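Please treat every number below as a calculation from the coordinates, not as lab data. Note that the structure is predicted; figures quoted are calculated from it, not measured. Cβ: placed from backbone, ideal geometry, glycine included. Neighbour counts: every protein chain shown.
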């Protein structure tokens, strides 16, 4: 005669828990990884906004009404402090930090036309995506994406601006396709600030002192 093997209820429960654990853990890891990536994207976005705003603030505090290439290079280098992640990101890509992020600084002057409207012209521009000389910048919707050839329409008026454009391509640390996300996120940030200590409609000029040839000075503003 044979006897059927008995199964203890406790062993069944233990096996069930192990199976549930094996099913839940990958989902938890997936969710936590996604949350971490979202947090990282938010931090990068905030730090890039800080970079653009800080560079603009430093330049618009000029009391002489003029900046040199050394001044522009110095303010741009503050990126390494304001956005320290650029150093590790550049190292991972085998680039220098300045080649890993696009920073363009421009002086824009507004001139009043016969019909009372204002036209925006670039006085000088330095960086990876220089704003064009000799072509009036177009007015765009205030919520339009930043572009080297446009300005938000509400900015048009008497005076001048220092414009800082920042472009950065961020590649997530984890496999992006696992989250149905793009492989690279391209951030475009622009800041528009009026000079503080010079009277409108004057503008911050570019000084030839310590010139390194990296700045384009537009005709009529040299």
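Numbers below:
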quantity	calculated
Two-site FRET efficiency, residue 27 against residue 143, from Cβ-Cβ distance with R₀ of 30 Å, rounded to 0.05	0.20
Reported label for calculated Rg/Rh (Cα atoms, Kirkwood Rh) given [x] 1.30; [y] 1.09; [z] 0.96	[x]
Average Cα contact separation per residue, the chain, under 8 Å, 6 or more apart, as relative contact order %	24
Difference of contour (0.36 nm per residue) and Cα-Cα distance, residue 209 to residue 92	38.5 nm
Residue 197-residue 78 FRET efficiency (beta carbon distance; Förster radius 30 Å; 0.05 resolution)	0.90
FRET E, pair residue 38, residue 114, Förster distance 45 Å, beta-carbon r, rounded to 0.05	0.30
Choice from 203, 192, 36 showing the highest fluctuation, given a GNM over the chain with Cα pairs closer than 10 Å	36
